[in-house]
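Presented below is the structure to which this report refers.
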Amino acid sequence: MSQISISINGRKYQADEGETVLQVAQREDIYIPALCYHCDLLPHESCRLCMVEIEGEGKLKASCTLKAFDGLRVLTDSELVNRVLAVNLELLFAQHEGKCEACARKDSCKLRQAVIKFSNKEKFVADKYSDRKKDKLKYQFGPSIMFDPAKCINCENCATMCAKQTKGGFIRPRESKYNFEVSPSLANDHDCIYCGQCIVHCPTGALSEVEDYPEVQKLLKDSTKKVVFQFAPAIRSSIGELFGLPPGEIATGKIFSSLKRIGAYKVFDTSFGADVTIMEESEELINKIVSGENEVMFSSCCPAWVKYLEFYEKGFVKYLTSVRSPHIILGGLIKTHWAKHNNINPKDIVVVSIMPCTAKKFEAKRRELRVNGFNPVDIVITNREFAKLLKEANINLADVEPSESNDDIMGSFTGAGEIFGASGGVLEAAIRTAYFKTTGKSLEHFEFKAIHELNGIKELELKVNNQKLRFAAVSGIENVKIVLDKLKSDPTYYSCVEVMACPGGCVAGGGQPLPIDDEIRKMRSKGLYKADRENRYRESHANPDVVELYKGFFESDRMRHRICHTKFAAKNKGVIKRIK
Ligand code: SF4
Ligand code: SF4
Ligand code: SF4
Ligand code: FES
């Protein structure tokens, strides 16, 4: 790619041909309040806040679509830019109710950031129209997503993303009295899969998770309850960002310590549950192949993907593995095996899962996952909620001394479990164990670099015992649609497909720290692969506590089946609530 030179605010910068001015500015840390721009979406010039002045011409252009060319000179902070920005910001606020202090997204709202940066420059009152939308009702999609139209600036990012994540889009633009407004579809053939990707792409607080952390705060004060936390693999490489650490920095030890400090009765790493998932999934895959049943097997760890099949592609549900997701398996084990081992009444245990995910809130409530009449997991909070829990307890995770899990029966976890958070990680972990189970030896190389990349569809071919097998790791429902089309004509095309609804996998899930872009996805994934390399156990079947589990508690097939397996089935539209 040929290099060109442009000037921003009088300084020269190198740019690649084809790059936009906004991309160059963002790389060089020059602030432009680009609300509606996201690297996952085509620039669509809806917010009009990213305007720059072409030097010497007195003309304004949207920097998100302005291609850099050699000799281009722009200003981001001129008198003209600031004047127009004031008008455009005010127009956006005419559609937005303000009330930032009470907003769930106040720390990640691009609109608020723009106001804070801008308010010193012009006489600008953000809340001038604050009561204009006061009668708007909120929507709640299932137990996962809140949509507050009073905070929406109609940029349509969510609608564009939702159209990729569903069929035809559940949240979509609709003609209203004065304008177009986004709103959820009430039609029976459109539903939310709770992936939270609309939150990731919303520049304001109009979309957020349903917050459950206040309930956790209450339970931590209840002396009759034992609050047991587990945290997902993907959390460790991203939580630090909310405390000033770089993306990808592994914080496993700090998570253990900080949860103990807020009063956790016990803390588990969900990677242990991931190891059990792999034990079961690899067995299912091997049985399928050995019995000559060549049709594809889909992973089922991602509840948004499962919901997509159950609602939009019912004919494919039969290909889902029956194995439950890691936190559900671990929750089931906590309330049975661990409770018995520690002589605790399961009724007194509250299992809280810290997840990168909004769809896990929905998954935890599925009745078919109950074990002995209990939900394996009682409450799911997102990674962002976890940070709030710590901040409101005055704990700065960055300063906390790391510690380790100290459980005697479910405390160890492998690198194979830790990579579940990256797209391709579940597949790689399953192959490590399936290979061992079929050949009796470990793989020479544990890592398959081809599935470590960020691409939405990653393929892998392996020869096991003279049989050539084809695998795929897919992330983002847009890519899933391509793979399903292939499988419609030949369901044996792949032996196994790992699917994550969020582009890039759980490292970029709907409950993760914001912002999220490709660079951040890469850094968080890299962190997980590094954690894997540094773990003394890299295969799920080598986890000593898992070995003991299968020798003891799981000797009973009935118990193993009850905790680890389920049946997925076609589903109707979920509940949409209207809230004042
Ligand atoms: S959670 Fe996913 S499916 Fe639901 S509205 Fe948001 S993007 Fe659409
Ligand atoms: S909800 Fe957010 S992403 Fe969707 S249109 Fe409104 S401001 Fe834009
Ligand atoms: S990819 Fe991960 S974060 Fe996203 S919906 Fe699926 S499980 Fe949740
Ligand atoms: S970021 Fe360019 S118009 Fe919104």
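The values are calculated or read from the model by the stated rules, or taken from the named source; none is laboratory data. All values derive from a computational prediction rather than experimental measurement. Every residue, glycine among them, receives a Cβ derived from its backbone with ideal geometry; neighbour counts consider all protein chains shown. Just so you know, the surface numbers come from the protein's heavy atoms only, side chains and all, with ligands and any DNA or RNA stripped out. Shrake-Rupley method; radii C 1.70, N 1.55, O 1.52, S 1.80 Å.
Listed values, structure above:
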quantity	calculated
The stretch 519-580-the stretch 95-118 distance, computed between alpha-carbon centres (Å)	36
Gap separating the Cα centres of the stretch 71-85 and the stretch 388-455, nearest whole Å	47
Cβ-defined net charge surrounding LEU219, 13 Å radius [Lys, Arg +1; Asp, Glu -1]	-1
Along the chain, longest interval not containing exposed chymotrypsin sites (Phe, Trp or Tyr not before Pro), exposed being DSSP loop plus at most 14 other Cβ atoms within 10 Å	179-580
In the stretch 28-68, the GluC sites (Glu not before Pro) that fall in loop regions by DSSP, at most 16 other Cβ within 10 Å	GLU28, GLU45, GLU55, GLU57
Positive minus negative residues near TYR37 (Lys, Arg vs Asp, Glu; Cβ under 15 Å)	-2
Trypsin sites (Lys or Arg not before Pro) lying in DSSP loop within the stretch 493-556, provided at most 14 other Cβ fall within 10 Å	ARG536
DSSP beta bridge pairing in the chain, given as percent antiparallel to the nearest 5	60
Top positive-direction residue, dipole computed over the chain with Cβ charges, set LEU85, PHE420, ILE54	LEU85
Shape call, the stretch 3-93: gyration tensor on alpha carbons, a/c limit 1.5	oblate
Apportionment of accessible area to carbon and sulfur, the chain, percent (1.4 Å)	49
Under the Karplus curve 6.51 cos²θ - 1.76 cosθ + 1.60, θ = phi - 60°, whole-Hz ³J(HN,Hα) for the stretch 55-60, x wherever Gly or Pro sits	4, x, 10, x, 9, 9
For the chain, accessible area per residue (1.4 Å probe, heavy atoms of protein chains only), Å²	42
Helix axis angle, 383-392 relative to the chain longest principal axis, alpha carbon, degrees	80
MRE, 222 nm, helices only [DSSP H, n ≥ 4, -39500 (n - 2.57), over the chain, to nearest 500]	-9000 deg cm²/dmol
Selection from ALA472, CYS564, VAL499, by position along the positive dipole direction of the stretch 222-564 (Cβ)	CYS564
Tilt relative to the chain, helix 271-290 - C-alpha long axis, 0 to 90 degrees, to 10	70
Nearest 10 degrees, 0 to 90: helix 518-534 Cα axis against the chain principal axis	30
Label-point separation in nm, GLU17 to LEU91, each point 7 Å along Cα→Cβ	3.4
Antiparallel bridge percentage (DSSP; both residues within the stretch 222-564; nearest 5)	30
Partners for LYS441 among lysines (Cα-Cα distance below 25 Å; same-chain residues under 8 apart left out)	LYS288, LYS449, LYS463, LYS468, LYS530, LYS551
Distance (nanometres) between label positions extended 7 Å along Cα→Cβ at LYS526 and ASN372	4.6
³J(HN,Hα), Karplus 6.51/-1.76/1.60, whole Hz, each residue of the stretch 465-472, x for Gly, Pro	6, 6, 10, 8, 10, 10, 10, 9
Computed label-point distance, nm, for sites ASN572 and LYS463 using a 7 Å Cα→Cβ extension	5.3
